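Worksheet for the structure shown next.
Just so you know, all these numbers are worked out from the coordinates, no wet-lab data involved. Only a predicted model underlies this, so the values are computations on that prediction, with no experimental measurement involved. Virtual Cβ from ideal backbone geometry, glycine too; neighbours counted across all protein chains shown.
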Amino acid sequence: MASLLLATEDALLSGVIASPGIALGPALLVKKQPLTINRQPIAAEAIPQEMALFFQARDQSIQQLQAIEEKAYQRFGEPEAAIFEAHRLLLEDELFEAEVMAYIQQHQAALSSAIEAVIEQQALTLEQLADDYLKARAADIRDIGQRLLSNALGVPLVDLQALSKPVILVAETLTPSETAQLDVEKVLGFITRLGSSTSHTAIMARALGIPALVGVHQALELIHQDDLVLLEATNNHVVINPTAETIEAFKAQQQREQRQQRLLAVLTDHPAVTLEGHQVRLSANISHFNELSAAQQQGAEGVGLYRTEFLFMGREGLPSEAEQFQAYQAVAQQLRSGEAAVIRTVDIGGDKPLPYLNLPTESNPFLGCRGVRLYQQHPELLQIQLRAILRASAFGKLCILFPMISLVEEVHALQEQLARLKQQLHAEKQPFDPQISVGIMVETPAAAVMASHLAQIVDFLSIGTNDLTQYTLAVDRGNPLIASLYNPLSPAVLQFVKQIIDAAHQFGKSVCVCGELAGDTQATLLLLGLGLDSFSVSARAIPAIKKVIRSVHFAAAQQLAQQALIQSTAADIHRLMTQSMEKLALTDITLLQ
Ligand code: PEP
Ligand code: MG
């Protein structure tokens, strides 16, 4: 789509849209600067100076950690804040101070060299311990060491949780857990050199409503610190130091979008129903329990996908049953009458590693030990989580969703496990919903082909188009080099979606799409026409999707779907969809995605 904003003199970069939207602000380059350690002996007279520098660097590090701890507490609560508290306490430890002092004195060492030696010694000692939890503390020690060294050497640390002003981040890459912790008040948008639109980093950005472009190859060479950057993620453009004319156009566009948001807001309490009364469910994808109320305000009818991975990430060990119970109970208690929340059991692997599990390196993690496959090696992952979900089901309608299913046998094994845990809770006299619904993600071609068998043994199906696309087309969803081949609307994927919906309906089971395709207004008519029962999308996409559904006849959507199914190329399918949107005068809606 052509840009509405740019003047001819503007210099442009482009990449892949990870999260649509527009933003204007100064660039903050997230570049790890090298820390040069002075390993030469220093003059004896310089020793007191190096010692004084230690206290200065330590105080600065403690202050930074206090700010991060406070933020983490406000945003996520006690457990996440405790990680940074532990870091701070380690720095304040008198023994640590004494060791650094002794090293400087005995070796006539510069502070940087003393920090390096003492930290490495402590980390190695921890790494040699048998206890996995203590072993994993080595990473904490090194993290603290990096902070202290940066402050001692005067090299600024980029702390994504403690930004002092609103910025547009420019980075090589951001991990999903770094993205989950971004401060939405301060991060106006981000641009990364690597990444793809269905990576979990992109999904988080959409959930947080942060505009983002990924796969912008020259981002780090051409954008400089504090350059004014216009990120026009809706149209896949980055403008460095835009002209006054472009800035004016940006402001006007921002006002238009706000107006459109206000217009759509009137739909919040209306159902997602077509002109002749065919109703579907429109629910939210969330990654943290505190996203639910904002989603409900946008009109979400409960949660169609709670990605629980983020409860397990950015921390030092597995979340306990009590911690998980609290999170799921918080969701259950917020549900309104008629609403449900689908809690997906943890889907680790692929682009979501979990460092503290010390999983072996796999040459192809997306085809490896991911999702339910990991539960065999780590049964505690599933047991603790299922117990927590079951217990929370006493407080509101929760459903269980298993990810990355490829075999009927996997579902049988999971159901046996669930039945055992129900018995256990029953014996413990813990309340839970004995009729809790169980569904599976259909996101592998094997599951799509076997959908009619799978539909008979579960309560509902949820189509994960992000993975279904990558596995059907054999295109890594995270590889920017082949991003143009990744298309959830290619005919092969569409045929699978149709087969899955039909198979589920044949056995009276409902089907949801919870992949990113469900949040694309261009695809709404098509999915509706294929007979989809429910759409689960990021909260911000809800009003626009609802607007499309409420503006059309179901019969017209069915007609479109029939035509789409006989096309042989993705381009033809896209053309059909664009034409239908134009006919219905709904093209403006796409601005809001
Ligand atoms: C999907 O694969 O479409 C999906 C919803 O799961 P995730 O994106 O978390 O892998
Ligand atoms: Mg998936």
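Each helix, a run of at least 4 DSSP H residues, gives -39500 (n - 2.57); summed and divided by the residues of the chain, these come to -15000 deg cm²/dmol at 222 nm.
Put a plus charge on the Cβ of each Lys and Arg, a minus charge on the Cβ of each Asp and Glu, and nothing anywhere else: the dipole of the chain about its Cα centre is then about 1800 debye. Please enumerate, by chain and number, the aspartates and glutamates with C-alpha under 14 Å from the C-alpha of residue 583, excluding those fewer than 8 residues away in the same chain. Here the aspartates and glutamates satisfying the reach criterion relative to residue 583 do not exist. Just check the stretch 44-153 against the gyration tensor rule for me: Cα atoms, a ≥ b ≥ c as the square roots of the eigenvalues, rounded for a/c under 1.5, and otherwise prolate or oblate depending on whether a/b exceeds b/c. In terms of gyration-tensor shape, oblate.
Summary value for the chain: 15 percent relative contact order, contacts being C-alpha pairs under 8 angstrom separated by 6+ residues. Peptides 203-212, 113-122 ranked from most to least packed, by the mean per-residue count of other Cβ atoms within 10 Å: 203-212, 113-122. Pairs from the list 352/422; 397/509; 498/546; 429/509; 352/429 with a Cα-Cα gap above 27 Å: 352/422; 429/509; 352/429. Taking amide H atoms as placed 1.01 Å from N in the peptide plane, the amide H of residue 281 lies under 5 Å from those of 534, 535, each 5 or more residues away in sequence or on another chain. Taking 0.36 nm per residue of separation and subtracting the Cα-Cα distance, full extension of the segment from residue 582 to residue 92 would add 170.1 nm. Ordering 546-556, 345-355, 215-225, 412-422 by mean Cβ neighbour count within 10 Å, with the highest value first, yields 345-355, 546-556, 215-225, 412-422.
Projected label points at residue 492 and residue 38, each 7 Å from Cα along the beta carbon direction, are separated by 6.0 nanometres. Sorting 396-409, 266-279, 523-536, 95-108 by average packing, meaning the other beta carbons within 10 Å per residue, from highest down gives 523-536, 396-409, 95-108, 266-279.
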